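In what follows, a single structure is set out as structure tokens and then discussed.
The values are calculated or read from the model by the stated rules, or taken from the named source; none is laboratory data. If you're wondering where the values come from, they're calculated on a predicted model, not measured in any experiment. For neighbour counting, all protein chains shown are included, and Cβ atoms are generated from backbone atoms with ideal geometry for every residue, glycine included. Just so you know, the surface numbers come from the protein's heavy atoms only, side chains and all, with ligands and any DNA or RNA stripped out. Shrake-Rupley method; radii C 1.70, N 1.55, O 1.52, S 1.80 Å.
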Amino acid sequence: MHMRKLPGFVPPSPWGLRLPQKFLFLLFLSGLVTLCFGALFLLPHSSRLKRLFLASRIQQPGLEVIAEVPGHSPVRQREPPPNPAPAAPAPGEDDPNSRAGPRHRKGWLRRTRPTGPREEATAARGSGVAALRPGEESIPFSFDFNAFRSRLRHPVLGTRTDESKEPQSQVRAQREKIKEMMRFAWQSYRRYAMGKNELRPLTKDGYEGSMFGSPVVGPDVRRHGRSMLQDLPGVKAGGLRGATVIDSLDTLYLMELKEEFQEAKAWVEESFHLNVSGEASLFEVNIRYIGGLLSAYYLTGEEVFRMKAIKLGEKLLPAFNTPTGIPKGVVNFKSGSWGWATSGSSSVLAEFGSLHLEFLHLTELSGNPIFAEKVRNIRKVLRKIDKPLGLYPNFLSPVSGNWVQHHVSIGGLGDSFYEYLIKSWLMSAKTDLEAKNMYYEALEAIETYLLNVSPGGLTYFAEWRGGILDHKMGHLACFSGGMLSLGAEDAKEEKRAHYQELAAQITRTCHESYARSDTKLGPEAFWFNNGREAEATQLSESYYILRPEVVESYMYLWRQTHDPIYRNWGWDVVLALEKYCRTDAGFSGIQDVYSTRPNHDNKQQSFFLAETLKYLYLLFSEDDTFSLEDWVFNTEAHPLPVNHSDSASQAWHQH
């Protein structure tokens, strides 16, 4: 053997290996160990070896990574592919820019694809454990669905009366017509825009919009446009999808459109993903997506709706990370940060004031008190702050906790804040005294400073700007007739009849805004000045976008009074919708209600299916269908249950 004649010579090792050979041998051994250890990660989750060598970590396949919330330990789940392919892609839904490889897609489809009928077994629901697909794990869950259903005082869909009676036969035919409208609206959406947020019926395609997650990009990308955005690695344009699907779930259930409901449910299971980016409206995501998912769960007990609602709720929590805890209007899904509202450095009263119903139910279904804590803090801030003349202005700084300007409206920007106060009282089975007191105190101030009667005898709520009144009402303010009627029973005894009469007068005024147009549909805003009453004064306020607020009040007034005039008025709306808004491929808003040949705006709003058609259907249904003893409707008309539990959770009321 050749000896190295070098200083520091080392004799041969017992194995007879030279130094380079030993190095190669050790390198081979280390690689082998690394390979064996790494293979553990590829073993099935239930493997004994994996459980032995790797620390256990709860994973819930199909649920997305949730943004971290300061002060709370985030629940981390395995993140699914960003764009898993649906089982049967809808027209126009192919995504050539998806970065998910074939193997990831195959694994996802294998997990979500049902192996049997879509109607899963429901035997496990009573104990709060839903029927999940193999390999899926439920969020820890103590909600007893069967016990909840047993506490309802009426069947969800009501009882059936003797339909042989002639008056009932006519009402049944009217109800069936509205059901046909819903079926047509849904089938048009499914055919041309399935998975998109809304249908564009004239061009027969889908529309995404920016409310549910517009792209978040830097200034360089904005200058170069969308094409550059698509080329950036890891950036996915857009946000949540399928707003019409989620908004339609409970309406399809109510109308017993079973096949269509199963289509919607299958899309939620297979194609509704939360791993999105972009800035989204906290308010719109809450009332449409979370409200729709919560309602679908309470109506069916299907676990997929509960899980999606809770995970989406967790993605909204970073919006509350402000100095006051008043959330900003926009939340960034990807970074978890909060953004400024478009109106400047302020939050809108109707937006941060319309979270209470849904967030209490998120706590109820998740066992996580953080949702209830967030909305309780909003109440705390509003109780402490000085209110001009007892009124609530529409803009509040989430940084300083001060009002930004003194603009008060019971219509847009303020509306659903007042609605959620009285409905929080009712949803708590009349235990939330704080909500009740805030509602009636606010109502007294509104009546004192905003209520007016026109020379022609029409009662209306004006808008208040630092003491100066704008004598107009928006279509959005027309919900207030129903709200007043809903809250009249629990007012002071001497005020009950007054509030019921005021509800009727406001609803009559809103009806006049419809009756005085050529299409018999109401404008976006109407004025009481210069000799004109309940009419728009300019073209920019003359459009109708399938809004529900007027028929919403008809429904509540019908249930309180059973005056047939409300059903007559509601039927007039049905006929007008059929004549002026129905197209070959869905329903569309119109640009001028004062023209008998109006131009369509090419948009079938998701709230048309969630609210307008639902309230019309309920107007021609028995009172125990979605009984107001059992349910309250959120501001997107998604029914949420009243808490009839004998041992009410602290999440439901303040002490």
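Details
- Scoring VAL375 on the criteria (1) under 29 Å from PHE143 (Cα atoms); (2) in contact (Cβ under 8 Å) with a residue 24 or more places away in the chain; (3) not polar (S, T, N, Q) leaves a single failure, condition (2).
- Only listed residue being more than 19 Å from LYS603 (Cβ to Cβ), of a type in the set (A, V, I, L, M), modelled with pLDDT of 95 or more and assigned to a helix (DSSP H, G or I), chosen from ALA491, ALA534, ALA504, ALA576: ALA504
- Selection status of ARG306, charged (D, E, K, R) and under 26 Å from HIS407 (Cβ atoms): no
- Hits in segment 507-521 - residues which are touching a Phe, Trp or Tyr at 6+ places or on another chain (Cβ under 6 Å) and assigned to a helix (DSSP H, G or I): THR509, HIS511, SER513
- Qualifying residue in segment 266-279 (condition: open to solvent by less than 20 Å² (accessible area, probe 1.4 Å), out of contact with any His (no Cβ under 7 Å at 6 or more places or on another chain) and at positive phi): yes
- Here LYS380 does not qualify as in contact with a Pro (Cβ under 9 Å, 6 or more places away or on another chain) and either surrounded by fewer than 22 Cβ atoms within 10 Å (Cβ to Cβ) or within 15 Å of ASP432 (Cα to Cα) (or both).
- Residues considered: LEU502, LEU546, LEU521, LEU557. Of these, the only one that is surrounded by 17 or more Cβ atoms within 10 Å (Cβ to Cβ), in contact (Cβ under 8 Å) with a residue 24 or more places away in the chain and at positive phi is LEU546.
- Inspection of segment 476-493 identifies at least one residue that is in contact with a strand residue (DSSP E or B) (Cβ under 7 Å, 6 or more places away or on another chain) and open to solvent by less than 30 Å² (accessible area, probe 1.4 Å).
- Just one of the listed residues (GLY213, GLY218, GLY238, GLY278) is at pLDDT below 90 and in contact with a Lys or Arg (Cβ under 8 Å, 6 or more places away or on another chain), namely GLY278.
- Residues being outside any loop (DSSP other than H, G, I, E, B) and among the aliphatic types (A, V, I, L, M) are entirely absent from segment 591-607.
- Residue under evaluation GLU284, criteria (1) modelled with pLDDT of 95 or more; (2) more than 19 Å from ASN197 (Cα to Cα); (3) open to solvent by 10 Å² or more (accessible area, probe 1.4 Å), criterion not met: (2)
- Filtering segment 366-398 to residues that are over 18 Å from LYS328 (Cβ atoms), among the hydrophobic types (A, V, I, L, M, F, W, C) and out of contact with any strand residue (DSSP E or B) (no Cβ under 7 Å at 6 or more places or on another chain) leaves ALA372, LEU389.
- Residue list for segment 352-377, restricted to those being buried (at least 24 other Cβ atoms within 10 Å of the Cβ) and of a type in the set (S, T, N, Q): SER354
- Residue match in segment 193-205 (condition: assigned to a helix (DSSP H, G or I), at pLDDT 70 or above and open to solvent by 70 Å² or more (accessible area, probe 1.4 Å)): no
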